[in-house]
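The values are calculated or read from the model by the stated rules, or taken from the named source; none is laboratory data. Since we're looking at a predicted model, the values are computed, not measured. Neighbour counts are summed over all protein chains in view; Cβ atoms, including those assigned to glycine, are modelled from backbone coordinates with ideal geometry. What goes into the accessible areas is simple: the full protein's heavy atoms, side chains included, and nothing from ligands, DNA or RNA. Shrake-Rupley method; radii C 1.70, N 1.55, O 1.52, S 1.80 Å.
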Amino acid sequence: MSARLRFAAPAMAAVLALTLTACGNSSGEKSSGSSSSASAGSGSLASIKLTGDAKTAPTIELATKPFSVGAFETRVVKEGTGDAATEKDVVQVQYNLINGTTGAKIDSNWGTPSGFDLSDTQLIAGLRKSLLGAKKGATMLSALPPAEAFGTAGNTQLNIKATDTLVMAYEIVDKFTPLAQAEGTEEKLDPDLPKVTWKAGEAASFEMPKSDPPKKLVIQPLITGTGPKVKAGQTAVVTYTGALWRNGKVFDSSFAHSGKFSFAVGGKQVISGWDKGVVNQPVGSRLLLVVPPDEGYGEEGSGEIKGTDTLVFVVDILSAY
C-alpha cells in the first residue's frame, strides 16, 4: 500500500491494524475447537467474562490482573453462520479492546464497524489470526501476546508496553469478497486521452498523447461496473497504476505493494483527484483519471513528481463498504 497517495493520518482502527468486536453477554457462551491454549503466561480466555448487551460495547471482566498469555488464544462466545472468512475477504467488525496488564480500555468502535482486508499482509498477525475462519454474526474473544501484536517495541501512542497482552472482544458484522478486477461494460476512450494497456495482476502501461495535458480533472470510465455507486464516507478497495503525463513513466502501483489499496472516500486521505474521481462511480468500474497539479500534489510535488506534473491513473474499484 503506497504512502505516496495518502495525505492524512489513518484513524485509530487503522493505527491498531486490528479491530474486533463483541456483542452479547457472558451467558450461553460456547467453547470452540479453534481455541488454542496459552503455552505460558498468567491466564486463559476461559477465565474472562463478557457483560452487557448487544446494543452497547461489552465489558471485558478479567478474573485477575495482570492477565497475560504466552501464545495467541481465541474463544467463540456465540457461533456465527455461513462460510468462514478467508484471505480473499474483507471482514467488518466492531470491537472492544483492552490492555490485559491493567484492564484499561485501549479503543472501541462499537456501533461503527471497521473493515479489514485479510489479503493485506501488513495487518498485525494477531488480527489476521482472529478474523481468518470467523463467520458472520459470531461473537469472539482473542488474547494477543506481544509477539502477535506490537512486539518488543510496544506502542507508546496507545500506552502499550512490550510485555502487555491485548484482549479483544469482537463481533463479525459482515464479510464479503472484493472483485479481483473490474467487471462491467467497456466504454469508448476519448482519442485525446492516454491509451492504457492493462494486464491482470500487473501494473498498467500508458501511451501518452503528444498534446498538452488538460487543465481540469478528467474522469473517464474505461469499464462501467454494475455494482452500487461509491458514496462519500465509505471505504473503497481499489487497484491502481499511476504515471506521469510528460513521459509515461509509471511512478507507483498497488501491485508493487500489497496488491490492493483502501481509503476513506472524501476523507482527504488521498489526493483530491482521487476523492472526486471515485465517488459516485459504480463498483466494478475501471477509471482513467487525469489529475492536474492542483488536484494532485500541488506546487510542492512529491519525489519524482514535479510541481507542474499532470498525473494519469488507471483505477479498478473492487468494493466499497
In contact (Cβ under 8 Å) with a residue 12 or more places away in the chain and either of a type in the set (Lys, Arg) or over 30 Å from THR239 (Cα atoms) (or both): does that describe SER114? no
Among all residue pairs at least 6 apart or on different chains, which show Cβ distances below 6 Å where the first residue, located in segment 288-305, is open to solvent by 30 Å² or more (accessible area, probe 1.4 Å) and the second is modelled with pLDDT of 95 or more and aromatic (Phe, Trp, Tyr)? GLU304/PHE251
Which count do you get for residues in segment 59-101 that are surrounded by 16 or more Cβ atoms within 10 Å (Cβ to Cβ), more than 16 Å from LEU132 (Cα to Cα) and polar (S, T, N, Q)? 5
Which of the residues belonging to segment 57-97 are closer than 29 Å to PHE263 by Cβ and part of a strand (DSSP E or B)? VAL90, VAL91, GLN92, VAL93, GLN94, TYR95, ASN96, LEU97
The condition of being at pLDDT below 95, over 21 Å from the mean Cα position of the chain (by Cα) and either within 24 Å of PHE313 (Cα to Cα) or open to solvent by less than 10 Å² (accessible area, probe 1.4 Å) (or both) holds, among LYS195, LYS210, only for LYS210
Scanning segment 168-192 residue by residue, those more than 30 Å from LEU131 (Cα to Cα) and surrounded by fewer than 18 Cβ atoms within 10 Å (Cβ to Cβ) turn out to be THR185, GLU186, GLU187, LYS188, LEU189, ASP190, PRO191, ASP192
Of all residues being in a strand (DSSP E or B) and not hydroxyl-bearing (Ser, Thr, Tyr) in segment 253-276, which is most open to solvent (accessible area, probe 1.4 Å)? Just the residue, please. ALA264
With the requirement that a residue be of a type in the set (Ser, Thr, Tyr), more than 20 Å from the chain's Cα centre (by Cα) and open to solvent by less than 10 Å² (accessible area, probe 1.4 Å), what does segment 115-160 give you? THR139
Matching residues in segment 231-252 (modelled with pLDDT under 95, among the polar types (S, T, N, Q) and touching a Ser or Thr at 6+ places or on another chain (Cβ under 8 Å)) number 1
Of all the residues that make up segment 226-273, how many are polar (S, T, N, Q) and under 16 Å from TYR297 (Cβ atoms)? 2
Unique match (being open to solvent by 30 Å² or more (accessible area, probe 1.4 Å) and within 15 Å of TRP198 (Cβ to Cβ)) among VAL314, VAL279, VAL250, VAL238: VAL250
